[in-house]
1. Which numbered condition in (1) within 16 Å of residue 18 (Cβ to Cβ); (2) under 14 Å from the mean Cα position of the chain (by Cα) is the only one that residue 106 fails?
2. Working only within the stretch 61-105, note down all residues that are touching a strand residue (DSSP E or B) at 6+ places or on another chain (Cβ under 8 Å), farther than 23 Å from residue 126 by Cα, at pLDDT below 90 and not in a strand (DSSP E or B).
3. For the stretch 116-126, name all the residues that are touching a residue at least 24 places away in the same chain (Cβ under 8 Å), part of a helix (DSSP H, G or I) and closer than 14 Å to residue 24 by Cα.
4. Collect the residues in the stretch 117-130 that are touching a strand residue (DSSP E or B) at 6+ places or on another chain (Cβ under 9 Å) and closer than 14 Å to residue 67 by Cα, keeping them in residue-number order.
C-alpha cells in the first residue's frame with residue numbers, strides 16, 4: 001500500500017488526482033437505505049447499484065473493501081446520486097450515469113470506472129484490483 005501513498009503524493013504535486021469519488025446509484029436517507037437493504041435481500045438480481053452490492057452487505061461494509069479503503073492513502077468520498085447532484089451538478093454541469101467512480105483533481109472530474117464496466121465486476125476483489133490498476137495508470 002506504500003505505492004499508493006507515493007502515488008498520491010506525486011499526483012497531488014502534479015495537480016492531478018486529489019480524491020476518488022464513489023457515487024452510488026441510490027438516494028440518501030434512512031428510508032432509502034432500508035428499502036435498498038430489503039431489495040438486496042428479496043430481489044438481488046434486480047438491484048441496480050453494483051457499487052453498493054460489492055462494498056456493502058445488507059447492513060455492514062464488506063471487510064475486504066473496508067481494509068482497502070482504510071489502507072489507501074488517497075482521499076475517498078462516497079456519495080449517493082442525490083448528494084452528488086447537489087454538490088457537483090449545478091456547479092459544473094456534469095452528467096454521469098450511476099454507479100460510477102470518478103477522480104477529482106486539476107482537470108475537474110474524470111471517469112475512473114464507468115457504470116458499464118463497474119456493473120460487470122463480480123467481486124469486491126475485482127473492484128479493488130481495478131481501482132489499484134487504474135491509479136497506477138494515472
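1. (2)
2. Residues satisfying the conditions are 87, 88, 92, 94.
3. Matches in the stretch 116-126: 118 only.
4. 127
The values are calculated or read from the model by the stated rules, or taken from the named source; none is laboratory data. Keep in mind that this is a model prediction, so the values were computed, not measured. Please note: Cβ atoms are built from the backbone with ideal geometry, for glycine as well, and neighbour counts cover all protein chains shown.
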